[in-house]
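Working notes, beginning with the structure itself.
The values are calculated or read from the model by the stated rules, or taken from the named source; none is laboratory data. These numbers were taken from a predicted model, which means no experiment stands behind them. Cβ sites come from the backbone with ideal geometry, for glycine too, and all protein chains shown count toward neighbours. Ligands, DNA and RNA are excluded from the accessible area calculation, which covers all protein heavy atoms including side chains. Shrake-Rupley method; radii C 1.70, N 1.55, O 1.52, S 1.80 Å.
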Amino acid sequence: MAENPFAWEDTMRALPVDDMPDPERAPYVQHSTDNGQAEEHRHDPPVPGWLLPPPEGFKAEDLDHLPQLPSHAELIDGSIILVSPQADFHMLTVSLLESALRRQLPDGLRVRREMTVTLADRQRPEPDVLVLDAKGITGRDQTSYEPEYVLLAIEVVSQESAIRDRERKPQLYAEAGIPHFWRVENTGGRPMVCVFELDVATKTYVATGVHHDRLKLTVPFDIDIDLTEIDRL
C-alpha cells in the first residue's frame, strides 16, 4: 500500500497561519519560449501550512492547536495522518465492539472510540476502540489519554491504513506498554479478530488467537462477543 500522501518530508517547514494561501486554484499563465511560442505554466498554491511539519516534526500537543485540522487526524512519527472516508464495514465493526465491550466492562474501566493516546512526544495515534482505567479520564474536555491507563487498543484494518494498522501502530502500542492489542480484519464482510498480548520483556506483542464468529476471552477481563451480529446491524 502506498504511504499516505499527506505525510510530508521533515525538510519542509510549516507556513504561519496568517500566510496560508487562498485555496482557489491559480490560473494558467503564459511565458514565451525562445522560438516565440507560448508555453503554459500553472502556479498551484502551496498546501495549507498545517500540513507541512517543521524540521523536527509535529509534536503531540500540536494536534490540539493546528487550525482547520480535520477530525480524526493522528500523529505518527511526527507527521500528521489524515484518514480516508470510512467504509461501512469499518463503522459497523467499531460500533459492534464498542457496544459489546461497554456491556461487559468491569467496574473501574471505560471504553472509548476514536480518541488519541499520547504515547510519546511525536506519537499520538488514534485507536478505533480502546479500553482504559477510569482514573485516566480527567474531564469532558480531555482530547487524549496517557498510555499507562490504557488496557486494550483495537485497530480495525482499512485498505488505506493497512500498513499502519498491522505494523507501525501495534509496534508503538507495545513500546508504550499497552498490555493488549486486537487487530480486526474484514473476512467476507465479517470481522476476524486477531488477539495479541504484550511480552513485557521484549516490549513486543505475542499472538494468542484468531477468532471468527465468536470472540470469547478471559483477559483482559471476561469477554464474549458474537461477531456475526454485524449481519443484523
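Within the span defined as segment 59-66, every residue fails to be more than 14 Å from the chain's Cα centre (by Cα) and at pLDDT 95 or above. Which residues, counting only those in segment 105-134, are of a type in the set (K, R) and open to solvent by less than 20 Å² (accessible area, probe 1.4 Å)? Residue satisfying the conditions is R124 alone. Scanning segment 205-233 for residues that are over 24 Å from the mean Cα position of the chain (by Cα), open to solvent by less than 40 Å² (accessible area, probe 1.4 Å) and either small (G, A, S) or more than 15 Å from Q104 (Cβ to Cβ) (or both) turns up just one, T228.
Any residue in segment 104-112 that is part of a strand (DSSP E or B), basic (K, R) and closer than 25 Å to R214 by Cβ? So far as segment 104-112 goes, yes, one or more of its residues are part of a strand (DSSP E or B), basic (K, R) and closer than 25 Å to R214 by Cβ.
With respect to the conditions (1) in a helix (DSSP H, G or I); (2) at pLDDT below 80; (3) surrounded by 10 or more Cβ atoms within 10 Å (Cβ to Cβ), D18 falls short on a single one, namely (3).
Go through segment 179-204 and report how many residues are in a strand (DSSP E or B) and either farther than 22 Å from L105 by Cβ or touching a Ser or Thr at 6+ places or on another chain (Cβ under 8 Å) (or both).
Going through segment 179-204, the residues in a strand (DSSP E or B) turn out to be 180-187, 190-199, 204.
Next cut, either farther than 22 Å from L105 by Cβ or touching a Ser or Thr at 6+ places or on another chain (Cβ under 8 Å) (or both) only: 184-187, 190-192, 195-199, 204.
Residues flagged as in a strand (DSSP E or B) and either farther than 22 Å from L105 by Cβ or touching a Ser or Thr at 6+ places or on another chain (Cβ under 8 Å) (or both) within segment 179-204 amount to 13.
Just one of the listed residues (I80, I76) is in contact (Cβ under 8 Å) with a residue 40 or more places away in the chain, farther than 27 Å from P220 by Cβ and of a type in the set (A, V, I, L, M), and it is I80. Considering only segment 161-191, state which residues are more than 27 Å from D121 (Cβ to Cβ) and either in contact (Cβ under 8 Å) with a residue 60 or more places away in the chain or open to solvent by 50 Å² or more (accessible area, probe 1.4 Å) (or both). Of everything in segment 161-191, those that are more than 27 Å from D121 (Cβ to Cβ) and either in contact (Cβ under 8 Å) with a residue 60 or more places away in the chain or open to solvent by 50 Å² or more (accessible area, probe 1.4 Å) (or both) turn out to be V184, N186, T187, G188, G189, R190, P191.
Within segment 144-160, is even one residue polar (S, T, N, Q) and under 18 Å from C194 (Cα atoms)?
Step one: list which residues in segment 144-160 are polar (S, T, N, Q), which gives 144, 158-159.
Imposing the further condition that a residue be under 18 Å from C194 (Cα atoms) reduces the set to 158-159.
Taking every residue of segment 144-160 in turn, at least one turns out to be polar (S, T, N, Q) and under 18 Å from C194 (Cα atoms).
Taking each residue of segment 192-208 that is basic (K, R) and looking for partners that are exposed (fewer than 12 other Cβ atoms within 10 Å of the Cβ) and in a strand (DSSP E or B) with beta-carbon atoms closer than 8 Å, six or more apart or interchain, yields nothing. Within the bounds of segment 147-154, is there any residue that is among the small types (G, A, S), farther than 29 Å from D224 by Cα and within 12 Å of the chain's Cα centre (by Cα)? No, segment 147-154 contains no residue that is among the small types (G, A, S), farther than 29 Å from D224 by Cα and within 12 Å of the chain's Cα centre (by Cα). The numbered conditions (1) in contact (Cβ under 8 Å) with a residue 24 or more places away in the chain; (2) part of a strand (DSSP E or B); (3) of a type outside the set (F, W, Y) are all true for L215 except (1).
Scanning segment 135-159 for residues that are open to solvent by less than 50 Å² (accessible area, probe 1.4 Å) and assigned to a loop (DSSP other than H, G, I, E, B), which turns out nearest to A60 (Cα to Cα)? Give the steps one after another, and end with the answer.
As a first pass, look at segment 135-159 and keep what is open to solvent by less than 50 Å² (accessible area, probe 1.4 Å): 136-137, 139, 142, 144-145, 147, 150-158.
After this cut, where a residue has to be assigned to a loop (DSSP other than H, G, I, E, B) as well, the list is 137, 139, 142, 157-158.
On the way: I137: 18, G139: 19, Q142: 14, V157: 23, S158: 24 Å.
The residue in question is Q142.
If you check L217, L172, which single one turns out to be over 20 Å from L63 (Cα atoms) and in contact with a strand residue (DSSP E or B) (Cβ under 6 Å, 6 or more places away or on another chain)?
L217
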